[in-house]
Every structure is written in C-alpha cells, then in structure tokens.
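The values are calculated or read from the model by the stated rules, or taken from the named source; none is laboratory data. Here the structure is a predicted model, which means the values were calculated and not measured. Positions of Cβ are backbone-derived with ideal geometry, glycine not excepted, and every protein chain shown enters the neighbour counts. All accessible areas refer to the heavy atoms of the entire protein, side chains included, with ligands and DNA or RNA removed. Shrake-Rupley method; radii C 1.70, N 1.55, O 1.52, S 1.80 Å.
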Amino acid sequence: MPALDKIYFIGELEQLRGFRALGTTVLGVTEPEEAAEALKQAVRDGAVAIFITEELGGKMWDALAAYADRPLPVITLIPSSAGSKGIAFERIRRMVERAVGADVLGKE
C-alpha cells in the first residue's frame with residue numbers, strides 16, 4: 001500500500017484543503033501553467049497517485065499527455081466542489097478510444 005505522502009492533490013487550495021488532513025500532499029494552484037509545474041514537481045517527488053481538479057486538468061492536456069504511457073504515477077481528474085463537468089469522462093473516453101481503436105463508450 002502506498003504511503004499517503006506519495007499521493008498528491010493539485011488544484012484550488014480552498015477545494016482541496018481537507019485532503020491535507022489525511023496526510024496527502026496538496027499543491028494549491030489557480031492557473032493551468034502552475035498546475036503543469038506542480039504536476040512535474042509531484043512526479044519528481046515520486047508521487048504514485050496524482051489527483052487534479054477537472055477545471056485545471058481540462059486546460060492542461062499536453063502536460064497530462066506527457067505521462068499517459070507511464071504506469072506510475074496514476075493521474076486522475078476529480079470534480080471540484082461545483083460538481084463534475086464531464087472532463088474526466090471525456091479523458092477516459094479518449095484513452096479507451098485510442099486503446100481499442102473505436103469509441104465504445106460514446107458520449108456521456
């Protein structure tokens with residue numbers, strides 16, 4: 001089981017503050033460029049799982065794509081406190097489509 005300090009959350013600090021109490025690392029950012037740098041930092045620090053808020057993750061596809069073929073860290077988009085915008089589903093749909101060569105999940 002991975003140590004909780006190897007689990008990172010990247011996004012708006014006010015939305016992720018509670019995860020810090022669990023012993024995870026929270027990197028508070030507000031802009032996609034900051035989130036991309038935080039992602040690089042988390043990978044350098046040996047993160048095994050990285051959770052990024054959908055709002056920011058949806059604006060940094062190129063940064064996420066750089067890690068798509070790696071087994072670790074696992075990078076997942078999570079909804080913000082405002083709820084899901086479907087960005088995480090769209091990312092999964094694209095990955096499945098790339099893997100199997102067809103859109104088997106369809107639109108949400």
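Within the range 62-80, the set of residues being surrounded by 15 or more Cβ atoms within 10 Å (Cβ to Cβ) and part of a helix (DSSP H, G or I) comprises 63, 64. Selection of the range 1-46 for residues being of a type in the set (D, E, K, R) and modelled with pLDDT of 90 or more yields 6, 12, 31, 33, 34, 37, 40, 44, 45. Here are some residues: 59, 85. Which one is touching an Asp or Glu at 6+ places or on another chain (Cβ under 9 Å) and modelled with pLDDT under 70? The unique qualifying residue is 85.
Note on the range 69-82: residues that are of a type outside the set (Val, Ile, Thr), at pLDDT 85 or above and under 17 Å from residue 32 (Cβ atoms) total 1. In summary, helices (runs of 4 or more DSSP H) completely within the range 5-61 and bearing 3 or more residues that are open to solvent by 10 Å² or more (accessible area, probe 1.4 Å) and out of contact with any Cys (no Cβ under 7 Å at 6 or more places or on another chain) occur at 13-20, 32-44.
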